[in-house]
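What follows is one structure encoded as structure tokens, with my remarks underneath.
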Amino acid sequence: MKPQEFKPLQTVRLDLKPLVATFDFAKQIFDIIDKNREYFKFMPFADVKQPEQEFDFLRSAEKGWKNNSKSTYGLYLRENGDFVGVCTMFAIDWENESGEIGYWLNPKYARQGFMSEAVHAIEQEFSNMGFKRIVITANIENIASCKTAEKCGFEREGVMRAWVFNKILNKRENMALYAKINTK
């Protein structure tokens with residue numbers, strides 16, 4: 001399969017669109033993580049010490065969008081434009097028609113179904129492009145993330161033991177592997 005162009009998406013309640021690399025936005029993301037360190041403890045990406053690191057993340061997201069290597073969507077409420085979180089299709093393998101979805105949510109918007117909406121929209125978009133296998137990995141202790149994968153119809157295939165070193169918790173962690181297979 002040849003790389004295809006990514007496009008913004010919409011759900012009933014969300015606009016999913018490419019992130020824009022500005023320092024003000026990087027500071028906004030950093031502040032969300034910094035004020036909610038306990039919430040983000042299972043997410044190694046959250047080991048950020050300064051807004052500049054988030055700015056680098058935003059620039060990387062823009063680059064990935066432009067070169068079709070990853071599609072990092074900012075999630076925004078359609079009703080008022082509030083930033084809710086991030087959902088990314090990464091580890092994209094155009095030849096093998098596969099990729100991985102990763103996500104995080106501002107805890108202020110947790111347990112309202114926003115992430116399930118976003119994951120479903122991205123999974124549908126990439127399935128429509130011809131992707132045959134989409135995976136989600138989640139720390140087995142991150143119950144909310146595991147439930148999101150299951151709610152979106154991803155089947156748990158197993159546990160990858162000691163898969164990730166989490167600097168925040170200073171230990172290796174087990175990750176659940178979920179997958180959805182597109183038979184179209």
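The table below gives the values:
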read-out: Conditions (1) surrounded by fewer than 15 Cβ atoms within 10 Å (Cβ to Cβ); (2) in contact with a helix residue (DSSP H, G or I) (Cβ under 7 Å, 6 or more places away or on another chain); number of the one not met by residue 128; value: (2)
read-out: Qualifying residue in segment 134-147 (condition: more than 19 Å from residue 8 (Cβ to Cβ), among the small types (Gly, Ala, Ser) and free of Cβ contacts under 8 Å to residues at least 40 places away in the same chain); value: yes
read-out: Filtered residues of segment 148-168 (kept if over 16 Å from residue 46 (Cα atoms) and either surrounded by 14 or more Cβ atoms within 10 Å (Cβ to Cβ) or touching a residue at least 60 places away in the same chain (Cβ under 8 Å) (or both)); value: 148, 149, 150, 152, 154, 156, 160, 163
read-out: Residue count, segment 58-109 (criterion: surrounded by fewer than 19 Cβ atoms within 10 Å (Cβ to Cβ) and closer than 25 Å to residue 41 by Cβ); value: 8
read-out: Residue within segment 3-14 that is loosely packed, with under 13 Cβ neighbours inside 10 Å, out of contact with any strand residue (DSSP E or B) (no Cβ under 8 Å at 6 or more places or on another chain) and part of a helix (DSSP H, G or I) present; value: no
read-out: Segment 15-26, subset assigned to a strand (DSSP E or B) and of a type outside the set (Asp, Glu), residue nearest to residue 122 (Cα to Cα); value: 16
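Rule-based calculations on the coordinates, nothing more; no lab input. Bear in mind that the values here come from a model prediction, so they are computed numbers and not experimental data. Heads up, the Cβs are rebuilt from the backbone with ideal geometry, glycines too, and the neighbour counts pull from every protein chain shown.
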